[in-house]
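Visitor: Below: one structure in structure tokens.
The values are calculated or read from the model by the stated rules, or taken from the named source; none is laboratory data. Since the model is a prediction, treat every value here as computed from it, not as a measurement. Quick reminder, even Gly has a Cβ in these numbers, built from the backbone with ideal geometry, and neighbours come from all protein chains shown. Calculation scope for accessible area: heavy atoms of the full protein, side chains included, ligands and nucleic acids excluded. Shrake-Rupley method; radii C 1.70, N 1.55, O 1.52, S 1.80 Å.
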Amino acid sequence: MIHLQGVSVVYPDGTRALSGIDLQVDRGEFAFLVGASGSGKSTLLHLVYRELTPTEGRIIISGQDVAGLPRERVPYLRRNVGVIFQDFRLLPDKNCWENVAFALDVVGASRKEKYRKVPLALELVGLSEKEQSFPNELSGGEQQRVSIARALVNNPAILVADEPTGNLDPDISWEIIQLLTKIAERGTTILCATHDRVIVDGMRKRVVSLVGGTIVRDARGGGGYDEP
Amino acid sequence: MNLSMVEFLLQQTWQAIRRNGLMSLATSSNMAVALLILSGFFLMTLNLQHMADVEARKANITVDLEEDADAAGIEAELWGDMRVGEIRSRSKEEALEDYAAIMGGGDPESFVEALGENPLPDAIIVSPKDPQDMAAVADVARNIEGIAEVRYREQVTGKLLTLAHGIKIAGVVAAVLMGVATLLIVSTTIRLTIYARRREIRIMQLVGATNSFIRLPFILEGAFHGVMGGAVSTILVLASYSWVHAYVAQHLSFMELVYSSTFAVLFGLGAMVCGILFGVVGSVIGLHSYLREV
Ligand SMILES: Nc1ncnc2c1ncn2[C@@H]1O[C@H](COP(=O)(O)OP(=O)(O)O)[C@@H](O)[C@H]1O
Ligand SMILES: [Mg+2]
């Protein structure tokens, strides 16, 4: 589903952010990407949703090499790769329903499609009751749920999460990660960057550790933050 | 492109225009002023050229013949000059009738009685193909045997054309200046919109909106200012132009302005198209400098 082969990234200023990355994440798999700040987690995720092209190597997403993907094809890749962030990135002047529908609006979905898909996505994240609320009326955890609903409403095969619990209290973080694993069980491939040791240790999922831009450990069968 | 997509794009555009508030108003107004000035130059040039045309059609040379001159021979000789476009002969009786008409429509016979006899000569009226050749043709006529006098009205056509030409150049200069200013203002407004919407644009990119879809509302915003400017300037220009037309018809009846409902409609459409063009190009410039990454 996600397949990186011999990938390196050197930023224009000469910073070497990733070197020799080989990583494969299968359909429906849930993997943590862990590492200290600056270890290259965000850079790796950027490659997956084609925010960045690698200096070297191949990146195959759903069977397609995206490194050489022409720019005008990028939007269609993005519809197949949902993304969520630490800061939620909701539109403050739109309510929950509209924030989720926004992802359908911009890809030209019909009204009928919106009325079918938005409630399903909100139900999946457990926010059906709050569809009329605006972001500033929601807790951090609820806002992250809205952003997950928005990322999933186009039914992407892959969901990429960049420190999704970075702004949340521990118990709320736990709920969000539980939600993400539930989504993976439905067949979505999830790659979740985090440096939240407690969560990683608690989940016993696959853990890929980055140090200075290289993978130093890949606990494929499940592990903790820094022990197998 | 389905209906809800169109609805979404229009809603985005309208929101941006409202959110920009004063800036939107300033942009539309600026567009209106620019089009107003351009319209002014356009109408002046158009009318001067029209008047020059009308004058040119009237322009001719009167060749008075001597008593018992060989009219047919002289006509043939005149036809020998390539620049001659039209020749018509005018007998002394016709000349008298024309004269009587100019003098207030009296009976020509009464003039003959008053003067004893008809003093006017037979004449040939010559029109050159190009009014600019008036003097040259007159010179040719002067050298023909049997001609008493060659007269032509002092050339207004040439002066009108020179004036029209001058105003056209001033108009082009004004068009360039106003055009640049308008493009600058529209592109600045669009940049403000892009700035105000940067979070939204970022999210659109992340959820897979195509570049053209992201750009379209901004293009529409530019076009909106063009339509508004075009409409306002058309209303103002046509209102004042119809006043000028009425004034000219009453007080300066020797002048004839271009004026019809077809003209008004074409003019309005033209102003609108110009406005939309300015607006769209302005947007594209604004988008280009700020949304290169989109
Ligand atoms: N746009 C950029 N230009 C130059 N260097 C960058 C850029 N983004 C990240 N880096 C550098 O690349 C390295 C990896 O950063 P990043 O992928 O953001 O790490 P993480 O997400 O694990 O904190 C860091 O040294 C960072 O300073
Ligand atoms: Mg990061």
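Visitor: Which whole-number value in Å² is the accessible area per residue of the protein assembly as shown, probe 1.4 Å?
Guide: 49 Å²
Visitor: Tell me, what ³J(HN,Hα) does each residue in segment A:94-110 have, in order and in whole Hz, if you take phi through Karplus 6.51 cos²θ - 1.76 cosθ + 1.60 with θ = phi - 60° and put x for Gly and Pro?
Guide: After applying 6.51 cos²θ - 1.76 cosθ + 1.60, I find 10, 7, 3, 4, 5, 4, 6, 5, 3, 5, 7, 3, 6, 9, x, 6, 7 Hz.
Visitor: Also, I was wondering about something else. Quick one: which residues, 5 or more positions from A:Arg27 or on another chain, have an amide H under 5 Å from its amide H? H modelled 1.01 Å from N in the peptide plane, none for Pro or chain starts.
Guide: Correct list: empty.
Visitor: Can you pull the percent of the protein assembly as shown's accessible area that's carbon plus sulfur, 1.4 Å probe, other chains left in place?
Guide: Summing carbon and sulfur atoms, their accessible area is 57 percent of the total for the protein assembly as shown.
Visitor: When the helix-only estimate is applied to chain A (DSSP H runs of n ≥ 4, each -39,500 (n - 2.57), divided by the residue count), what is the mean residue ellipticity at 222 nm, nearest 500 deg cm²/dmol?
Guide: Roughly -9500 deg cm²/dmol at 222 nm, from the helical runs in chain A.
Visitor: A further question follows. Averaging sequence separations of C-alpha pairs under 8 Å and six or more residues apart, then dividing by the length of chain A, give the relative contact order as a whole percent.
Guide: Over chain A, the number comes to 28 percent.
Visitor: Give me a comma-separated list of calculated 3J(HN,Hα) values for segment A:167-178, in order, Karplus coefficients 6.51, -1.76, 1.60 applied at θ = phi - 60°, integers in Hz, x for any Gly or Pro.
Guide: Going residue by residue, I get 9, 10, 5, x, 6, 5, 4, 4, 4, 5, 5, 4 Hz, with x marking Gly and Pro.
Visitor: Charges only on Cβ, +1 for Lys and Arg, -1 for Asp and Glu: so what's the dipole of segment B:60-152 about the Cα centre, in debye to the nearest 20? Please report the intermediate quantities before stating the final value.
Guide: Values: 7 positive and 23 negative charges, 98 e Å.
The dipole magnitude comes to about 480 debye.
Visitor: Could you go through segment B:48-62 in sequence order and give the Karplus-derived ³J(HN,Hα) for each residue, using 6.51 cos²θ - 1.76 cosθ + 1.60 with θ = phi - 60°, rounded to whole Hz, and x for Gly and Pro?
Guide: Karplus values, whole Hz, x for Gly and Pro: 4, 5, 4, 5, 4, 4, 4, 4, 4, 5, 7, 5, 7, 10, 9.
Visitor: Another question, then. Can you give me the Cα centroid spacing of segment B:1-28 and segment B:182-219 in angstrom?
Guide: Here the answer is 11 Å between Cα centres.
Visitor: Might you report the magnitude of the Cβ-based charge dipole of segment A:127-177 about its Cα centre, with Lys and Arg at +1 and Asp and Glu at -1, to the nearest 20 debye?
Guide: 220 debye
Visitor: Of B:Val63, B:Leu22, B:Leu257, whose Cα points farthest to the positive end of the dipole of chain B (charges on the beta-carbon: +1 Lys, Arg; -1 Asp, Glu; origin at the Cα centre)?
Guide: Projecting each Cα onto the dipole axis, the largest value belongs to B:Leu22.
Visitor: For B:Val207, list long-range residues whose amide hydrogen, built 1.01 Å from N in the peptide plane, is under 5 Å from its own amide hydrogen.
Guide: Amide H neighbours of B:Val207, under 5 Å, 5+ apart: none.
Visitor: Shifting gears a bit: Relative to the longest principal axis of chain B, what angle (0 to 90°, nearest 10) does the C-alpha long axis of helix B:261-290 take?
Guide: For helix B:261-290, the angle is close to 40 degrees.
Visitor: At 1.4 Å probe size, put A:Arg220, A:Arg27 in order of accessible surface, largest to smallest.
Guide: Values: A:Arg220 125, A:Arg27 170 Å².
Ranking A:Arg220, A:Arg27 by accessible area, largest first, yields A:Arg27, A:Arg220.
Visitor: State to the nearest 20 debye the size of the charge dipole of segment B:132-222 about its Cα centre, where the only charges are +1 on K and R beta carbons and -1 on D and E beta carbons.
Guide: I would put it at about 900 debye.
Visitor: Can you compute the helix-only [θ] at 222 nm over chain B? Use -39500 (n - 2.57) per DSSP H run of at least 4 residues, normalise by all residues, nearest 500 deg cm²/dmol.
Guide: One gets -25000 deg cm²/dmol as the mean residue ellipticity at 222 nm.
Visitor: Using modelled amide H (1.01 Å from N, peptide plane; none on Pro or chain starts), what sits under 5 Å from the amide H of B:Asn60, excluding residues fewer than 5 places away?
Guide: So B:Asn60 has HN proximity to B:Arg153.
Visitor: Can you tell me, using C-alpha contacts under 8 Å and at least 6 residues apart, the relative contact order of chain B as a whole percent?
Guide: 30 percent.
Visitor: Related question: Measuring from centroid to centroid over Cα atoms, what is the spacing of segment A:165-228 and segment B:87-126 in Å?
Guide: 112 Å
Visitor: So, one more: Taking Cα centroids, how far is segment A:83-153 from segment B:50-72 in Å?
Guide: So the two Cα centres are separated by 85 Å.
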